[in-house]
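The values are calculated or read from the model by the stated rules, or taken from the named source; none is laboratory data. All of these numbers come straight from a predicted model, not from anything done at the bench. Cβ placement follows ideal geometry from the backbone for every residue including glycine, while neighbour counts extend to all protein chains displayed.
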Amino acid sequence: MFIDLTEEQESLRKELESYFSDLMTPEIRAEVKSADFAENKPYKDLIKKIGQDGWLGVGWPVEHGGKGFTPIEQYIFFNESQAAWCPIPFLTTNTVGPTIREFGTQEQKDFFLKKVLAGEVHFSIGYSEPEAGTDLASLKTRAVRDGDDWIINGQKLYTSLAYNADYIWLAARTDTEAPGHKGITLFLVDTKDPGFSIQPFETFGAADTTATFYDNVRVSDSMRIGEINGGWNLITSQLNHERVSLFAAGRMVRLVRDAVDWASENLLPDGRRVIDQEWVQMKLAECRSLVRYLDLLNWEVAYANTTGKMGPADASAIKVHGSESMHRIYTQLTEVIGATGHLIEGDSGSDLASQIENGYRSVWVLTFGGGTNEIQRDIIGMAGLGLPREKRRR
């Protein structure tokens, strides 16, 4: 099996590596990180810059304003942006955007797609509720038809990135008599609409999240995505895009490489290097193995996506292995760097240590965000291995 980039793909990789290296100066990174929670203007300006430079549509079709590259080139983009610690609005460019491209009306495509690629619009996902997380089909947020509009009432929980969003990609129940999966419709709710409100709350992780509230929010039917009561197919499509987009290996490759360099340069009280200890070598070797496997798995799925052979089990496999490998890597690196692992962002000292500390607290959400890993294993068993559906207790 030939697993290497073509000459053109390697040229693209080098171009992107240079681009993100020049873009993500220490000053820009500091501005984006320290910006206000509610209105991160430096972040939005950065995304507009990337959009203006034409890089947000690497894997988008030319007819929709993209570069027309395959998922392989798209993964190269993911890798290099993450390696440079450049925040990319993946939910907007690689989950919601492609779903609008596939299921939206022509009017919706004309309005949203060009804004997505220009970095001028940001989306957040409104799925989970206080009593509807893993069992998303039990959601209770209600949308009632009123002429050419819909009146929406309800609450969403863990609406990540809503504080920077222009629109919420909202799942609401439009038929209370239909079975759970069949009575859901997707809407785009403008965060400036009357009746919409947002409540940030802190988490164990480095990134906070929000609850969003919908009190008689009036949404035009022109902002409905797809068929009435046909939202479940859009949800699964969007989640599959999300699961594949989140776990590019670029950031972890750089993190492990930096940890190896740190352990090679720092000395113990007895004069030995940190990396001279056998237990440190074993942990770093495990981290490199996990990262390498994650990278290969991503290339495999990118190729399958290029040939039209990617299935739900592939997206779930990336999600399970990616989230659990990242958690394992951050845990091992926290042990390797020792006491410096208590340094947080803004402390004087090792930048590497604060990245590891930040990542260790943040990575937990990846095991349940976008669908819990337990559910993903069910999908792998059913869709990938042909196993029977597990009976669930009610």
Which number in (1) of a type outside the set (A, V, I, L, M); (2) at pLDDT below 85; (3) in the same structural domain as residue 283 (by TED's automatic domain parsing) marks the one condition that residue 390 misses? (3)
Working only within segment 332-353, note down all residues that are of a type in the set (Ser, Thr, Tyr) and at pLDDT 85 or above. 334
Would you pick out the residues in segment 268-304 that are touching a Phe, Trp or Tyr at 6+ places or on another chain (Cβ under 9 Å) and of a type in the set (S, T, N, Q)? 298
Can you tell me how many residues within segment 100-120 are crowded, with 21+ Cβ neighbours inside 10 Å and of a type in the set (Val, Ile, Thr)? 2
Residue 114 passes all but one of the listed conditions (1) out of contact with any His (no Cβ under 9 Å at 6 or more places or on another chain); (2) not assigned by TED's automatic domain parsing to the domain that holds residue 220; the exception is number (1)
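Just to check your reading of the model, which residue among 169, 150 is surrounded by 19 or more Cβ atoms within 10 Å (Cβ to Cβ) and either among the small types (Gly, Ala, Ser) or more than 16 Å from residue 215 (Cβ to Cβ) (or both)?
Checking each option against the conditions leaves just 169.
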All but one of (1) farther than 29 Å from residue 19 by Cα; (2) part of a strand (DSSP E or B) hold for residue 124; which doesn't? (1)
Which ones in segment 108-138 are of a type in the set (S, T, N, Q) and closer than 28 Å to residue 42 by Cβ? 124
Flag for residue 176 being free of Cβ contacts under 8 Å to residues at least 40 places away in the same chain, surrounded by fewer than 22 Cβ atoms within 10 Å (Cβ to Cβ) and part of a loop (DSSP other than H, G, I, E, B): yes
Quick check on segment 133-147. Is at least one of its residues more than 17 Å from residue 219 (Cα to Cα), of a type in the set (A, V, I, L, M) and at pLDDT 90 or above? yes
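This table checks each residue for (1) assigned to a loop (DSSP other than H, G, I, E, B); (2) in the same structural domain as residue 17 (by TED's automatic domain parsing); (3) free of Cβ contacts under 8 Å to residues at least 12 places away in the same chain; (4) under 22 Å from the mean Cα position of the chain (by Cα).
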position: 259; (1), (2), (3), (4): no, no, no, no
position: 264; (1), (2), (3), (4): no, no, yes, no
position: 271; (1), (2), (3), (4): yes, no, yes, no
position: 280; (1), (2), (3), (4): no, no, no, no
position: 283; (1), (2), (3), (4): no, no, no, no
position: 286; (1), (2), (3), (4): no, no, no, no
position: 291; (1), (2), (3), (4): no, no, no, yes
position: 298; (1), (2), (3), (4): no, no, no, yes
Criterion first (more than 19 Å from residue 331 (Cβ to Cβ) and modelled with pLDDT of 90 or more) does residue 219 satisfy it? yes
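Based on what the data block shows, is residue 57 buried (at least 16 other Cβ atoms within 10 Å of the Cβ), touching a Lys or Arg at 6+ places or on another chain (Cβ under 7 Å), touching a residue at least 60 places away in the same chain (Cβ under 8 Å) and farther than 21 Å from residue 208 by Cβ?
Answer is yes for this residue.
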When residue 90 is run through (1) more than 27 Å from residue 227 (Cβ to Cβ); (2) touching a residue at least 60 places away in the same chain (Cβ under 8 Å), the failure sits at (1)
Single condition residue 144 does not satisfy, out of (1) of a type in the set (A, V, I, L, M, F, W, C); (2) surrounded by fewer than 22 Cβ atoms within 10 Å (Cβ to Cβ); (3) in a helix (DSSP H, G or I): (3)
From 95, 99, grab the single residue that is part of a helix (DSSP H, G or I) and under 14 Å from the mean Cα position of the chain (by Cα). 95
Residue pairs, Cβ under 8 Å, 6 or more apart or interchain, first in segment 2-31 and exposed (fewer than 14 other Cβ atoms within 10 Å of the Cβ), second not acidic (Asp, Glu). List them. 3/296; 3/299; 21/84
